[in-house]
Amino acid sequence: MNDSKVILITGCSSGFGLITAARLAKSGHRVIATMRDTSKKNALLSEIQKRDTQLDIKQLDVTNKDSVNAAIQSISEDYGYIDVLINNAGCGIGGAFEDLTDEEIRQVMETNFFGVQNVTRAVIPLMRPRKNGKIINISSISGLYALPMFGAYNASKWALEGFSESLRYELQFFGIDVLLVEPGRYKTEIFKKNLHLAKNHDNKNSPHYELSQHIRKLVTERLKDCHKDNEDFAEHIEKLIHAKNPPFRSQPDIEAKVFLLARKILPFRLFSFILNKKLFKRYKK
């Protein structure tokens, strides 16, 4: 394709990263799909084989600066530059704040926030000389409103939102655009295999045990009822890549758009009241 881009994507062993990498490769882009553990590449290999396309798979652990620098150095030697960076790698740990350890909270922040900074810091020098580039940070509607038992995940995404907005102002003079994508409920691994529970979540002596079990059950039910296709998400990303003046914040699904609108126009007390009703109508303390 004439408008082929060199695109680096993190977190491509499953979910959004896997489907987005495969779709963009099929569209003719030169895609570097990275993952922390390349032994988990089979699902991606199967997807690109199904689509009759190809891409480059590299090891990159966003939480390890040596791993990040080694991957970016290799990309620089192979490609010379990067047009688009998609910071997609993420993880979540569910549990009440009092049940979470410092280590568990730091683990979420290291991947979802500091990991983004690690990769972005290494990639900017490959964009700046060309006065061109897009950095697309995958946030969440959890970066716009909070839920109980997801405090660490919420905090990491709220931090990402603030960082991205600040970085956007800094990089505009170098022709580099910074975008935030805030998806809602999708059947991705972030809320299945990659959603870990606090070590103490099954501790019946915890004052939060009953609430924790209620929220866990509610999330499981909501995911079963979720039919949104990750392909729609990938299509949204592809449109942002080709857009001349893309919005700084965008939501790929209607649910996220509705929540964002409600968060904007409703007084916090009313928004909180509605959320409480939805979350706790079947909860009995």
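Bear in mind that the values in this text are calculations on the coordinates, not laboratory data. The shown structure was predicted, so the numbers you read here are calculated from the model rather than taken from an experiment. Heads up, the Cβs are rebuilt from the backbone with ideal geometry, glycines too, and the neighbour counts pull from every protein chain shown.
A dipole drawn for the chain from +1 and -1 charges on Cβ atoms has a positive end, and of Leu24, Phe97, Leu180 the residue lying farthest that way is Phe97.
The chain has equivalent-ellipsoid semi-axes of 33, 20, 18 Å, by the square roots of 5 times the alpha carbon gyration tensor eigenvalues, sorted largest first. For Lys204, the aspartates and glutamates whose Cα falls under 20 Å of its own Cα, not counting residues fewer than eight places away in the same chain, are Glu98, Asp99, Glu104.
Computed from point charges on the beta carbon alone (+1 for Lys and Arg, -1 for Asp and Glu), the dipole magnitude for segment 6-253 about its Cα centre is near 460 Debye. For segment 1-124, the dipole from Cβ point charges (+1 on Lys and Arg, -1 on Asp and Glu) about the Cα centre works out to 600 debye, to the nearest 20.
The sum of -39500 (n - 2.57) across all DSSP H runs of n ≥ 4, divided by the residue count of the chain, sets its helix-only mean residue ellipticity at 222 nm to -14500 deg cm²/dmol.
The loop-placed trypsin sites (Lys or Arg not before Pro) in segment 96-157, going by DSSP, that have at most 12 neighbouring Cβ atoms within 10 Å of their Cβ come out as Lys131. Note on segment 72-195: Kirkwood radius taken over Cα pairs, Stokes-Einstein applied at 10 °C and 1.306 mPa s, translational D equal to 104 µm² s⁻¹. Simple rule: put +1 on each Lys or Arg Cβ and -1 on each Asp or Glu Cβ in segment 6-253, find the dipole, and look at Ala155, Gln213, Leu167; the Cα lying farthest toward the positive end is Leu167. This ranking places Phe97, Phe233 by how few other beta-carbon atoms lie within 10 Å of each, fewest first, which gives Phe97, Phe233.
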